[in-house]
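Chemist: Take a look at this one; I'll ask things after.
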Amino acid sequence: MKIAVKVKPNSRQERVDVVGKNEFILHVKSPPKEGRANQAAIELLSEYFSVPKSNISLVRGLKSKNKVFEIL
C-alpha cells in the first residue's frame, strides 16, 4: 500500500493526522537534517500501522515535506 504523507518537522509533539484515504500529516519532533525527520516519520508510521520499521520504505520525497511511503 502506498500512502501520501506531509511531514512537519520540529513539532512539539509527535502525532498522525488523517487527511483522507491514504493521505496523512505527520508531526515529528526531529529536525529535517541528515534524514532524522525521515527516520522519525518511519518510526511513527510503524507505530500507527503496527508493522515493523523494515516493512516501510520511502518511495519519493527524500528532501521534500511531501513524501510517498510504501507499507508492505
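Every read-out reported here was derived from the displayed coordinates using simple, explicitly stated rules and does not represent laboratory data. Here the structure is a predicted model, which is why all the values come from computation and not from measurement. Here the Cβ is made from the backbone with ideal geometry for all residues, glycine too, and neighbour counts use every protein chain on show.
Chemist: Taking region 26-43 only, how many residues are surrounded by 16 or more Cβ atoms within 10 Å (Cβ to Cβ) and either part of a strand (DSSP E or B) or more than 11 Å from the chain's Cα centre (by Cα) (or both)?
Modeler: Residues that pass the stated criteria total 4.
Chemist: Checking Lys63 against (1) part of a strand (DSSP E or B); (2) exposed (fewer than 15 other Cβ atoms within 10 Å of the Cβ); (3) charged (D, E, K, R), only one condition comes out false. Which one?
Modeler: Condition not satisfied by Lys63: (1).
Chemist: Within region 5-49, which residues are free of Cβ contacts under 8 Å to residues at least 24 places away in the same chain and among the hydroxyl-bearing types (Ser, Thr, Tyr)?
Modeler: Ser11, Ser30, Ser46
Chemist: Another question about this same structure. For region 1-15, how many residues meet the condition of being part of a strand (DSSP E or B) and out of contact with any strand residue (DSSP E or B) (no Cβ under 8 Å at 6 or more places or on another chain)?
Modeler: Here the count works out to 0.
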